[in-house]
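What follows is a single structure, and I will ask about it in a moment.
The values are calculated or read from the model by the stated rules, or taken from the named source; none is laboratory data. Here the structure is a predicted model, which means the values were calculated and not measured. Note: ideal-geometry Cβ built from the backbone for every residue, glycine included; neighbour counts use all protein chains shown. These accessible areas exclude ligands, DNA and RNA; they are computed on the full protein's heavy atoms, side chains included. Shrake-Rupley method; radii C 1.70, N 1.55, O 1.52, S 1.80 Å.
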Amino acid sequence: SYDRGSTYNVFVGKGRLIAGMDKALIGMCVNERRFIKVPPHLAYGEEGMSDIIPPGATLFFDVLMLDIWNPEDKVKIDVHSKPGNCSRTVQVSDFVRYHYNGTLLDGTLFDSSHTQQQTYDTYIGIGWLIAGMDEGLLGMCMGEKRTITMPPFLGYGDKGDGKDVASQATLVFHVTLVDFHNPKDSIAIEREFVPDPCSRKTKVGDFVRYHYNGTLMDGTLFDSSYSRNHTYNTYIGKGYVIVGMEEGLLGVCVGEKRTIIIPPHLGYGEEGISGTIPGSAVLVFHIQMIDVHNPSDEIEIKTYHKPSNCTIRSKKGDYVKYHYNATLMDGTKLDSTHNYGKTYNIVLGSGQVVIGMDMGLTNMCVEEKRTIIIPPHLGYGESGVVGEVPGSAVLIFDVEMVEVVTGLPEGYMFVWTSEVSSPDLFQEIDKDENKEVSPEEFSKYILAQVESGQGRLAPGFSPDKIIENMFSNQDRNGDGKISAEEFRLKNEEKTSHDEL
């Protein structure tokens, strides 16, 4: 048979061999080698065979058994490992991705997906596979390893498969199921942690910030926001992420952890992403929702302590002193005045803090405590603060109002607390009586009014800066001094303006 380059294939015990060989082959194992001596009466007898075997010849056979099968054989399955959690098994019409080594019964390797460095991907039960493989893959769990042995009539039969699989060869496939899905599949969601209470869940139109690890079903990591040390930020329901992720991110609480399993037709499809995600791959995203907001959100205020005596409330222009602890939605600490041992002091409505904070500090009593939740468009926006506040972050401030100093009416930086003492105010300021007021004279006069209690500067600003601006407003021609013609009180100013 070696000279012919093909095995000798025959049924045993059916009279298709000489009697000696029919007996000698019984009980042989695959890969067993036997030296068989057949006397003439169990071979070709006294007649021999033409010019090849003389009459009365004893025959010697050196036999190596390569394959054995029986017409009654069925597919044989040996399971080597099976995951403990197997919620679903392969069924007809599923699409499977698996690795395999294909050998003959004697162990000869004829094919391997590993050498091609890609899985074998196919539908089950629609005739795309040989019959034995179609049957052998049924009932497999994700990650399961099994050996599937099939007789040739469930494999490649009489024809074999080219030069690699001979005619009538039994096939042995060592299979690892990488993943599978059905074209009718939706996403699957496994909730690992849900905070209680959950005050808000994501909905279409929200902007979300979340961390994730993205893996294939066999655990192969293909991407991670943690490795970049940066959340993934996106809108939901606007087509910015794959369809399965859009669906999986809905109804998530801030702080929730969930696993989203996405079939390929809701992920990256048959093409995948070159070098990262194989075609037709099921994707697994382990996500943690960091924060959520909607572009229509206003600030949210939760008051958890208010004093019984609350007659004075903060308003625009007031100088306020307060303590705060600032965090992100996931509890990450940003800053705290308690770290510095002093209050944070601002003038409300003057742009010294983000808009949401200005809004949240308004209408507070001294000793009042509240939580102010500020969406990013009323906070630090998409840019955030480098090294301190992430872009598009929702901010949480726990605030305690320590002091409120009443501000001046809007548009005023200095007011009289009593009637103007002199009918000729310009003359009173012009101490050297040279018919003009210098910056020094002006500053000295205003500070004297404040010190005596007859005047008041806007709290929270530098007195020198206020007085400098007041002088500049009176010095209408910009010559560094104020003349009597230039000097006017606020209520004497024109209310109309020239057209530009």
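Take the residues in region 406-430 that are modelled with pLDDT of 85 or more and of a type in the set (S, T, N, Q); name whichever of them is farthest from N473 (Cα to Cα).
T406
Give the residues of region 271-286 that are open to solvent by less than 20 Å² (accessible area, probe 1.4 Å) and of a type outside the set (G, A, S), sorted by residue number.
I277, V282, L283, V284, F285
Now for a different question. If L425 satisfies all but one of (1) within 30 Å of Y210 (Cβ to Cβ); (2) open to solvent by less than 30 Å² (accessible area, probe 1.4 Å); (3) touching a residue at least 12 places away in the same chain (Cβ under 8 Å), what's the number of the condition it fails?
L425 satisfies every listed condition except (1).
Within region 296-308, is there a residue that is of a type in the set (F, W, Y), surrounded by fewer than 16 Cβ atoms within 10 Å (Cβ to Cβ) and touching a residue at least 12 places away in the same chain (Cβ under 8 Å)?
So far as region 296-308 goes, yes, one or more of its residues are of a type in the set (F, W, Y), surrounded by fewer than 16 Cβ atoms within 10 Å (Cβ to Cβ) and touching a residue at least 12 places away in the same chain (Cβ under 8 Å).
Identify all residues within region 196-231 that are part of a strand (DSSP E or B) and buried (at least 16 other Cβ atoms within 10 Å of the Cβ); write none if there are none. Give the derivation first.
Step one: filter region 196-231 for residues part of a strand (DSSP E or B), giving 201, 207-216, 221-224.
Selection gives F207, V208, R209, Y210, H211, Y212, N213, G214, T215, L216, F222, D223.
Looking only at region 117-128, which residues are open to solvent by 30 Å² or more (accessible area, probe 1.4 Å) and either touching a residue at least 60 places away in the same chain (Cβ under 8 Å) or part of a loop (DSSP other than H, G, I, E, B) (or both)?
Q117, Q118, D121, G125, I126, G127, W128
On to the next question. Give region 72-92 a look and list any residue that's more than 23 Å from H181 (Cβ to Cβ), open to solvent by 70 Å² or more (accessible area, probe 1.4 Å) and not charged (D, E, K, R), or say none.
H80
Right, here's the next one. Residue check: is H114 part of a strand (DSSP E or B) and of a type outside the set (V, I, T)? Give the derivation first.
Values: part of a strand (DSSP E or B): no; of a type outside the set (V, I, T): yes.
No.
If only one of D330, D318 is at negative phi, in contact (Cβ under 8 Å) with a residue 60 or more places away in the chain, among the charged types (D, E, K, R) and open to solvent by less than 20 Å² (accessible area, probe 1.4 Å), which one is it?
D318
Do we find a residue being surrounded by fewer than 16 Cβ atoms within 10 Å (Cβ to Cβ), in contact (Cβ under 8 Å) with a residue 40 or more places away in the chain, within 30 Å of M470 (Cβ to Cβ) and not assigned by the TED database to the domain that holds V254 anywhere in region 381-392?
No, the conditions are met nowhere in region 381-392.
Mind checking which pairs have a first residue in region 23-35 that is open to solvent by less than 50 Å² (accessible area, probe 1.4 Å) and a second that is of a type in the set (F, W, Y), Cβ under 8 Å, 6 or more apart or different chains?
A24/F61
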